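Reading through the C-alpha cells given below for one structure.
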Amino acid sequence: MIPKYRKQFNQEFSQEKYEQFKQILKEKSGIDAAFRISESPMFLSMDFKNKLMDASESIIDQIKALPEDTLEKAVPQNCKVPNDTKQPHFFTIDFGICKNENGEIEPQLIELQAFPSLYAFQKTFEDTFCDVYPFLNDIRNKMPKEQFEVYMKDLIIGKENPENVILLEIYPEKQKTAIDFVLTEKLLGIKTVCLTKVKKEGKKLYYDNNGKMTEIKRIYNRVIFDELDRIPDLQVEFDFRDEIDAEWVTHPNWFFKISKFLLPMLEHQYVPKSYFLHEFPEGENLDNFVLKPLFSFAGSGVNLNPTREITDAIEDKENYILQRKVNYEPVFEDINGEFSKAEIRLLYIWRDQDDRPILLENLGRMTKAAMVNVDFNKKDAIWIGSSNAFFVD
C-alpha cells in the first residue's frame with residue numbers, strides 16, 4: 001500500500017535474507033517458531049492507522065459503557081473463576097484489511113479478545129525485521145524497547161519478585177506459541193510452568209523452581225480454560241474455579257467477556273453487522289454472513305459458507321454468531337507480482353490503574369488462502385504467515 005517502501009523491500013529481499021531473518025529469531029529465542037513466518041512486513045499508511053484508531057477507540061468506549069451484568073452473561077456457569085477484576089489486563093482487536101464499495105482500503109473488525117497474544121514475540125519480530133532491513137528503522141514503532149519492557153514488567157510482575165510470577169500454560173512445549181513463552185521468560189525473568197506441575201496446599205500454589213518449591217503469587221495465564229475439558233485424562237491439583245491466594249493476569253473470565261459475544265452489540269462503520277444465531281432476522285440473506293462459534297480459538301469452527309441445514313442443526317444457537325462477510329483486499333505485492341491479503345491485530349495492555357488500555361504493538365497475518373489464520377495458508381506460497389505492520393506517513 002506504500003509504494004516507496006514496498007518497492008525498496010522487494011528489491012532488497014532475497015531467500016538468503018529470509019533464512020538469515022529466521023536464524024536471528026532462533027538465536028534470540030533459542031527455538032524455531034512453530035508457525036510460518038512471513039517473508040515480508042506490511043506497509044500501511046497513517047491514514048489507515050487513523051481509521052484503525054478511530055474504530056478501536058469507539059469499541060473501547062462502547063465496552064466501557066456496557067453494564068457489568070451484560071458482560072457477566074458471557075461467562076459459562078461451569079467456567080466462572082472467583083475474584084474477577086474490573087477490567088482485563090490484555091485487550092486485542094483484529095481487523096481485516098478490506099476494500100469498501102467506493103474502492104477505498106479500510107479496516108473491518110473481525111474479532112476481539114481479552115487474552116494475551118504474542119506480545120514478547122512481536123516486539124522481537126519487529127526488531128529482527130529492522131536488523132535485516134536497516135531502512136525499516138526509520139518507520140519502526142515509536143515506543144522504545146525499554147519502555148515496552150517497563151510496561152510489560154509493570155503489568156505482569158507488578159510488585160512481586162519475578163520468581164513468584166509464572167507464565168501458565170498446558171503442555172507449553174507442545175504449543176505453537178512456545179517461541180513467545182521463551183521470549184517472555186527472557187524479557188521478564190519468569191518461568192513457564194505447565195498446569196500439571198502446579199502444586200496446591202490450601203489456597204496457596206507452588207511450582208518447582210530449580211528444585212525449590214516456590215510460591216506462585218501472580219499468574220500470567222495463557223491457558224484457555226474451557227479447552228481443558230477436551231484433554232483426556234488430565235491430572236491437575238489446581239482447578240481454575242478454586243479460591244487461591246494468587247492474582248490472575250489476565251483473569252480467565254475476561255476470555256469470555258471480551259470475545260465474539262460482544263460483536264452483535266458494537267456499532268461503527270468499520271464493524272460489520274453481527275447477530276447471535278438464535279436472533280438472526282428473517283429478512284437477512286444467510287449467504288452474506290460467516291458463521292462463528294463464540295469462543296473458538298485460532299479460527300476453529302468458522303464456516304465461511306453456512307447453509308440453513310447447517311444452522312438449523314445447531315442446538316446451542318446462543319453460542320454462535322453470524323457476522324457479515326467482508327472483502328479482504330489483496331494489496332501486499334510479493335516479488336513475483338502476486339498479492340497477499342492480511343489481518344492486523346492491535347496489542348493493548350490495560351493496567352489496573354489506567355482508565356483506558358495502552359497500545360504496545362501489532363501483529364500481522366498474511367495469506368493467499370480463503371482463511372487468514374496461519375493454519376489455513378497454502379504451503380507453496382510466499383508473503384504468507386505471521387508478520388508485523390509498519391506505518392508510514
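Scanning the stretch 155-179 for residues that are more than 17 Å from residue 214 (Cα to Cα) and out of contact with any strand residue (DSSP E or B) (no Cβ under 9 Å at 6 or more places or on another chain), we see that the one that is surrounded by the fewest Cβ atoms within 10 Å (Cβ to Cβ) is 174. Answer yes or no: is there a residue in the stretch 199-208 that is modelled with pLDDT of 95 or more, exposed (fewer than 15 other Cβ atoms within 10 Å of the Cβ) and in contact with a helix residue (DSSP H, G or I) (Cβ under 7 Å, 6 or more places away or on another chain). Yes, some residue in the stretch 199-208 is modelled with pLDDT of 95 or more, exposed (fewer than 15 other Cβ atoms within 10 Å of the Cβ) and in contact with a helix residue (DSSP H, G or I) (Cβ under 7 Å, 6 or more places away or on another chain). Among the residues of the stretch 191-207, at least one is assigned to a helix (DSSP H, G or I) and either in the same structural domain as residue 119 (by TED's automatic domain parsing) or hydroxyl-bearing (Ser, Thr, Tyr) (or both).
Of all positions in the stretch 150-159, none carries a residue that is within 20 Å of the chain's Cα centre (by Cα), not in a helix (DSSP H, G or I) and not hydrophobic (A, V, I, L, M, F, W, C). In this structure, residue 185 does not satisfy being loosely packed, with under 14 Cβ neighbours inside 10 Å, closer than 27 Å to residue 22 by Cβ and not small (Gly, Ala, Ser). Scanning the stretch 168-198 for residues that are over 20 Å from residue 148 (Cα atoms), in contact with a helix residue (DSSP H, G or I) (Cβ under 7 Å, 6 or more places away or on another chain) and hydrophobic (A, V, I, L, M, F, W, C) yields 168, 170, 178, 194.
Scan the stretch 208-231 for residues that are in a loop (DSSP other than H, G, I, E, B) and hydrophobic (A, V, I, L, M, F, W, C) and the total you get is 3.
Restricting to helices (runs of 4 or more DSSP H) lying wholly in the stretch 1-77: which have 3 or more residues that are at pLDDT below 95, in contact with a Cys (Cβ under 9 Å, 6 or more places away or on another chain) and exposed (fewer than 13 other Cβ atoms within 10 Å of the Cβ)? Because the criterion is at least 3 residues that are at pLDDT below 95, in contact with a Cys (Cβ under 9 Å, 6 or more places away or on another chain) and exposed (fewer than 13 other Cβ atoms within 10 Å of the Cβ), no helices (runs of 4 or more DSSP H) in the stretch 1-77 meet it.
In the stretch 163-185, the residues that are in the same structural domain as residue 219 (by TED's automatic domain parsing) form Cβ pairs under 6 Å with partners that are part of a helix (DSSP H, G or I) and β-branched (Val, Ile, Thr), at six or more places apart or across chains, as follows: 167/184; 183/124.
Selection over the stretch 128-160 of residues that are without any contact (Cβ under 8 Å) to a residue 24 or more places away in the chain and within 20 Å of residue 45 (Cα to Cα) gives a count of 5.
Selection over the stretch 160-190 of residues that are closer than 27 Å to residue 24 by Cβ, among the charged types (D, E, K, R) and part of a helix (DSSP H, G or I) gives a count of 5. Looking at 113, 108, just one residue is over 23 Å from residue 351 (Cα atoms), crowded, with 18+ Cβ neighbours inside 10 Å and either in contact (Cβ under 8 Å) with a residue 24 or more places away in the chain or of a type in the set (Ser, Thr, Tyr) (or both), and that residue is 108. In the stretch 232-260, the residue that is farthest from the chain's Cα centre (by Cα) out of those that are of a type in the set (D, E, K, R) and surrounded by 22 or more Cβ atoms within 10 Å (Cβ to Cβ) is 257. For the stretch 141-156, the set of residues classified as among the β-branched types (Val, Ile, Thr) and either assigned by TED's automatic domain parsing to the domain that holds residue 117 or touching a Phe, Trp or Tyr at 6+ places or on another chain (Cβ under 7 Å) (or both) consists of 156 only. Is the stretch 129-139 home to any residue that is of a type in the set (Phe, Trp, Tyr), in the same structural domain as residue 88 (by TED's automatic domain parsing) and surrounded by 14 or more Cβ atoms within 10 Å (Cβ to Cβ)? Yes, because at least one residue in the stretch 129-139 is of a type in the set (Phe, Trp, Tyr), in the same structural domain as residue 88 (by TED's automatic domain parsing) and surrounded by 14 or more Cβ atoms within 10 Å (Cβ to Cβ). Restricting the stretch 78-99 to residues that are touching a residue at least 40 places away in the same chain (Cβ under 8 Å) and of a type in the set (S, T, N, Q) leaves a set whose member that is surrounded by the fewest Cβ atoms within 10 Å (Cβ to Cβ) is 83.
The values are calculated or read from the model by the stated rules, or taken from the named source; none is laboratory data. Owing to the predicted nature of the structure, the values given are computational and were not obtained by experimental measurement. Neighbour counts run over all protein chains shown; Cβ positions are idealised from the backbone, glycine included.
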